[in-house]
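Shown next, in structure tokens, is the structure this report addresses.
Just so it is clear, none of the values below were taken in a lab; they were calculated from the coordinates. The structure displayed is predicted, hence computed values, not measured ones. A quick note on method: Cβ atoms are made from the backbone with ideal geometry, for glycine too, and the neighbour counts reach across all protein chains shown.
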Amino acid sequence: MPCYEVNLMTVEFNVKNIDILKEAIKRLGFQTLTNDRNSNILFLDESYNEYKLDVTKNVIETKYGTKENINLLKRTYSIVAIQKAAKKNKWAIRNVALYQYKAIKY
């Protein structure tokens, strides 16, 4: 493979709430670049790898080899969604194990 070639990959990511996604990006310390009118969100990770999320197609496009950060973003998105739902319904969230939570209603 030539050294000037960049391989891209596309990963499915169903985003239902843009605000929760932006909160997840912020919690990970990633930097949001733009949110254009075409429903694309561009953001950078801590190593300045660029990610393009197409909300209409529900896919993230990025260079090959950054799948760990996409999986981390998916988990963080889920955690933020659970925490917001718990707050809305006045539930307490307890961390049971890594990426496992228990909701307790008061």
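Over the chain, what is the relative contact order in whole percent, taking alpha-carbon pairs under 8 Å and six or more residues apart?
Reported relative contact order: 23 percent.
Over 24 Å, how big is the tail of the calculated P(r) for the chain, in percent of all Cα pairs?
That tail contains 31 percent of the Cα-Cα pairs.
How far apart, in nm, are two points set 7 Å out from the Cα along the Cα-to-Cβ line at K87 and at K102?
Reported label-point gap for K87 and K102 is 2.4 nm.
For helix 18-27, report the angle its Cα long axis makes with the longest principal axis of the Cα atoms of the chain; keep it between 0 and 90° and round to the nearest 10°.
On a 0 to 90 degree scale, this one is about 80.
Taking the Cα atoms of the stretch 9-50, report the difference between the largest and smallest coordinate on each principal axis, in whole Å and largest first.
25, 23, 20
Taking H as built 1.01 Å from N, whose amide H comes closer than 5 Å to the amide H of F13, not counting residues under 5 places away?
V59, I60
For the stretch 90-106, just list the computed ³J(HN,Hα) in residue order, Karplus coefficients 6.51, -1.76 and 1.60, θ = phi - 60°, integers in Hz, with x standing in for Gly and Pro.
6, 9, 9, 9, 10, 7, 8, 7, 4, 6, 10, 10, 10, 9, 10, 8, 9
I'd like to compare 97-106, 39-48: which one has the highest average count of other Cβ atoms within 10 Å, and what's the full order after that?
So the order, starting with the most tightly packed, is 39-48, 97-106.
For the stretch 59-65, take each phi angle, set θ = phi - 60°, evaluate the Karplus expression 6.51 cos²θ - 1.76 cosθ + 1.60, and give the result in whole Hz per residue in order, putting x for glycine and proline.
So the J values, rounded to whole Hz, are 9, 10, 10, 7, 6, 4, x.
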